[in-house]
Structure formats: structure tokens, C-alpha cells
Amino acid sequence: MSTPGVTGSVGKQLQAFDKVQRDIDKEFDKLQGDPFGGNLTSFLKQKWEKARVAKEEIGDVLNDNLRQRNSEYGATTSSEIDRVGGSKDFMPLTSEKCRALLAWLTDVLMTTGQKTWSLRPTTMPDLPEAAIGQIVQTVMYEVMEGYYPQDDAKEWGGRYAEKLQEDTKNEAREKARRMELVITDQMEEGDWTEEFAKFLDDFVTYPTAIMAGPFLRPHKSLKWVDNQPIVEKVIRLTFERVSPHDFFPGPSMSHCQHNYFFHSVPSDMGYLQELRGVEGFNTPMINAVLQGRQKTGGVGMDGNQKERENLEDRGQQQGADGDGQIRILKYFGQARGEDIVKWGKSSKGIADPNKLYEVEAWLVDDFVIRAVLNPDPLGRRPYSATSYEKKPGSFWGFSVPDRISNIQGIVNATCRSLMNNLAISAGPQIMVDKEQLAEGQEINYHQAFRVWMLRGGPLSSSAGRRQPIEFYQPANNANSLMGVFQYFKEQADDASGIPRYVQGNSEIGGAGQTASGLSMLLGASARGVKLAIHNIDQDVIQEMVMRCFEFNMLHNPDQQIKGDIMIVPIGALELINRDNLQVRRQEFADRTANPVDFEIMGKKGRAHILRSLSQGLEFTTDVIPDEQELLEQELIAQQQMMMAQVDESQQEGAPSQANTPQQAQGVI
């Protein structure tokens, strides 16, 4: 069966994947279980309940992180402030740090026109066995023909092997370049840029950020035939950012390939309708969900869900309750072969009943709409996760809000005290002896030159009588409170690893007042960010690109992209060297722009320098010619020079007609 809407090499690639997936589905076709309390449903519900309970504590942390970044107080703190009264200001310290880090990461990892990864051949690519055999035959033939003595055979064989090694490296470089273009195109079409931007936002906010993919998913596209629009389904690789609120690790899970986890996916009925008839999905079970045959007895949801949705400014999503909103629980974990046989009542495809097999199952209420063996050859799950600061042995790490939560609380308390003190000390407190005021005298306002009516009697206090009106000016503690506020705000720089001058703050003392000093401060402060970028490179980008690479190695029919290749993340190196390297390149180009150096490096070397400088400038065309174009230009120039020399020689050999009349006149 051909893949709808896909033609050419990509279509063959996806057809090959479909065949593999169908084979897996056939081996696991009865794993769906009974829709009304079957073994598989019970197994998934038990796993889900454990994961849901394990998530409750970290769910509070996730909401606290989001609330802190949104500059909002929790319900408990807010009620305590209301009880005491006064200011409810929340200083956006956490929000500022998160924005600064997000801008920094975006600048490094999402620069337009540049990738943070590359494909390169391994240091010693594997030599083709056939080519090695050909070298042996060639050396034997040349020895027998007397081209060189037998004692030199080893030397000549080594020369041929070195040449073969160099040719193999060049071929591997070209294959890596082609594979890189294929993966780049797949990532662009698979919404990588949009989803990775969401991932970075999670990274600066939550203890752990998660990315999923690549998946093969159907997408609708509009095709024009005879000026008429035709909607068709296209299958392509897709990437997805997973909200930490929707990710439920199993107890004691340390990373995505350990233990098990659930991905809770908010969806709707329309999405389920699109899955009917798709390979690997159970259409009768999907129809049962759509028909609403069982609206009770669904799985329990996370107790923090409502608060989370309020923080995200959206209405609470319900289960399958008739409003079109559903929640799919995707399970990724292991199951014993013996249990799989019990679920499917078939031992086909299960070689060892005691072996653990990787399983992917989708649960909607009490219906298992998908249950397949993991198609990855090594059983790896298509999810990757990392943290701003990792916690060894734990899936959840530390976020920027985590690291400055105490400081944020102190800054907020200081700010509230400051605002309350300013409000109280803005004017004097007025004390009035009501017994001395005339009857009916108003005391609710005060103004200049106001006349106060008093009861009869002397105004002097010599007879023990108090002043009818007295003033008290509360102390203004703004300076001391501002000192406390400023101190803890600076402490947030050290605690978070994100200094103020990263945000463009011009009030920097000491070395930061000079350009070179500021550069050194930025270099020192970048150490923590380099570690964060290293985590993203190693744990997410490299794994995502590797999965794309392996998918193409397994299912792409184009042999010109397949070779001995490794993935190289360059995000951290980019942060360290990009600006300095560009400055040094410009200096080198300026210093070598002279006739002596040009004679040494020639056009080829100069073009290489200019090509390096032009990278990232987003030229619409290649303004610097490549080596082949330079060679063609040189050949044309040589031909023109030769033609010019021929013309000159012909002109020198012919008599000068211009001088002939003058000579004739002289003879006469």
C-alpha cells in the first residue's frame, strides 16, 4: 500500500517505513486487549496511577515555577498579605532572569541561517572491503609484471591504501553534507524551529524541559491541479515540545530511557477521527471513544491540572465528557514477553517469554486505541529531556526560579516593606483631641490655613491641658530598605548565574565600565550558560539529530547520503568562539589584503577567507565563487591571454601601412 500524498524518493522512504511498521503491527496485532476491563487496560491504569501519584509533589513545584515567572503570589501567601494589609507588589526578578537567559539561548541556538549541529565523517572511515581486495590484486599484478621488486610491494600497497583512505574520506564528507541537507529539510518541515522555541521557554522556567520526535504523522496540504485546490494527506517527520505538566515519569525514573513514563496529550475528537484507518491504530476502539459508549470509569487526572490551566490563562480541559475535549495517555515502557502473550493470546513475535519488550500504548478512558512494539532497533523511546542544572539520579533538575526562589521571597518582602513605609511616611500622622473640638467639627481632612473651632477655655497647656492637634512624622526607612533590596538583587546574579549586564544594564562598576572589562565579565559569567547549552546539545539536539540520521539510514532509499558519519553539536563552541573568531578572521583578512600575501595564497586562498567571512550574512546568492568556478575563470583568462599574444605576433609580422606613404614621399 503506497503512502498517500507522497511521491519520489521520499515516498519510497515512507513506504519502506510503513512496511516495517506493518510487520511490527502484525506481530503485535492482538495486544489491544478487551475494551471493558481487559488485561492491558488494567495494566496501563495501574501504571498510570503510580505515575500520577509520583508526580503530585513535583506538580506543585511546576506551578510554583510558572507562578514565580508570571510574578504572581500563591493563594496562601496572597491571603496572608491580605490579612496584614498593605502593598501586594511582586518584583519581577525571576521574570527578568528568565527573559535574559531565554534571549541568550535563542541568540546562540537559534541564529537565523546557522545550525547548532553538523554531520562529519568519522576520523577513520571504514574502507570498502572490495576496494582493499582490489589493492591487493593490483600490487600482485604489478610485482608479477616487474614494475617493482617484491620487497617494495608493502610500500606500494601502503601508498594505494593511503590514496584509498583519502578518497574514502572525501566521499564520506560529501555523503555527510548530503545527509545534513536531508535532515535540515526534514526538521524545517517538521516544525522544529517552532517547537524548539517552546522547549527553550520551558528550559528557563521548569526543572526539566522535554522534546519528542521525530514521529511520522499525517499532515494536510493544499495542492493545486488545473488551478483547483485539492486537499491531500502527506506523511512527514514531526517534532513536538512536551509540556512538563503533561509528562508523568514512573517512580524513580532518572531519564527518558529508564523505567516508564506517560505523556498526557490534550486533544479533541477531530484528531481521533483522523487516526481511524491509520496503521497501528485500533479503529473499533477509536469508534467506541467517538460514540461515547463509556463516559465513566476514566483515568484520574493530576490534581494540579486546574491550577496549571489557570496560570496559563486557559479554560480547564475536561475528559471525554461530551464537550469534544479528550486526553490521550501515551505509555512508553517495558513489558514481559509472557504478559504480552497473555494480552494478545499469541506467542508470535515473542521469542523469549521472560524478556522485557519496549511497548507503546495509547489509552483514552478505558479504551486502548494503539498498542505496538517500539519500532526502534534498540528499543529507544523518541523522547529527550534536560535541565538547566541537573540533579544526579533524578529526572527533575533545578530551574532558574528554583535557584532564586528564596531571594525572590526576600526581595518581595523588602519591596512590600519599602512601599508600605513610603506610604506611611509620605505625610505626618495627625492626633486630634476630640473633646477640645467644637461640636460638629470635621476631622476627616486637613488643608493649609484651615480654621479649627475649639471649645471655650485657654489654649495654653500650662494648666495641664493637651494640645488639641498634634503631628507625628513617621521615620522614612527607604534608604536602608533600598540597601537590602539592592544587596539581594545582586545575590540573584550569583545564585542564577545570569548577571544584570547580560540584560543591557549600564550601571556596572569596576571593570564593567570599559569595553574590554565588560568582555571579560561576560566571558566569566558565560560559564554557567555554557554548561546549560552543553546540556541542551548533548541531551536533546544530538539525540534528535541522531534519531533523524538513523531513520534515514534505515528507510531512505538514497544511498548517496549513507556513510560512516557522526553528529557534532556545536552550540557551546559557538558561544565561546563565534564573536571572537569572526573578529580575528576580519583582522586576518585586512592584514593579508596586499600583493605579497595575495601572491602566496592566490585566488583560491583569498576566496576561502572571504567565504568564511560571508557565512551567516544571509546573502541570497553565493557571492564568492567556488573552486570549480575559479578554475574555469583561470582557464578563460589563459585562453584570452593566448589569443591576445597571437594577435600581437600577427600584427608585428605585417608591414605598417600607415608609414608607407610617408616613406614613399621621402624617396621622392
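Show me the ranking of peptides 374-381, 262-269 by mean Cβ neighbours inside 10 Å, starting with the highest.
Numbers: 374-381: 14.8, 262-269: 18.0.
For the peptides 374-381, 262-269, the packing ranking is 262-269, 374-381.
Kirkwood Rh, region 61-182, all Cα pairs: how many Å? Could you put the intermediate results ahead of the total?
On the way: mean 1/r = 0.0470 Å⁻¹.
Result for region 61-182, one decimal place: 21.3 Å.
State the number of lysine pairs found in region 117-258 whose Cα atoms come within less than 30 Å, restricting to pairs 8 or more positions apart or on distinct chains.
Counting lysine pairs in region 117-258 gives 8.
Can you tell me which aspartates and glutamates have their Cα less than 17 Å from the Cα of Lys434? Leave out same-chain residues fewer than eight positions away.
The reachable aspartates and glutamates, counting only those whose Cα sits under 17 Å from Lys434, are Glu442, Glu470.
Where does each of 91-97, 156-162 land if you order them by average Cβ count within 10 Å, highest first? Please list the in-between numbers first.
Working: 91-97: 21.1, 156-162: 14.4.
Descending packing order for the listed peptides: 91-97, 156-162.
Extending each Cα 7 Å along its Cβ direction at Lys88 and Glu629, get the distance between those two points in nm, one decimal.
According to this spin-label approximation, the distance is 6.4 nm.
Grab the other residues whose beta carbon is less than 14 angstrom from that of Ala593, score K and R as +1, D and E as -1, and report the net.
0
Pop out the carbon and sulfur fraction of the accessible area of region 387-499 as a percent, whole number, probe 1.4 Å.
Heavy-atom surface of region 387-499 belonging to carbon and sulfur, 1.4 Å probe: 54 percent.
I'd like to check one number: the per residue accessible area of region 98-164, probe 1.4 Å, reported in Å² as a whole number.
That works out to 66 Å² for each residue.
Sort 603-613, 194-204, 76-86 for me by packing, meaning the mean count of neighbouring Cβ atoms within 10 Å per residue, highest on top.
Ranking, from highest mean packing down: 194-204, 603-613, 76-86.
The values are calculated or read from the model by the stated rules, or taken from the named source; none is laboratory data. Given the structure is predicted, the values throughout are model-derived calculations rather than measurements. Here the Cβ is made from the backbone with ideal geometry for all residues, glycine too, and neighbour counts use every protein chain on show. Remember, those area values only see protein heavy atoms, side chains included, never the ligands or the DNA or RNA. Shrake-Rupley method; radii C 1.70, N 1.55, O 1.52, S 1.80 Å.
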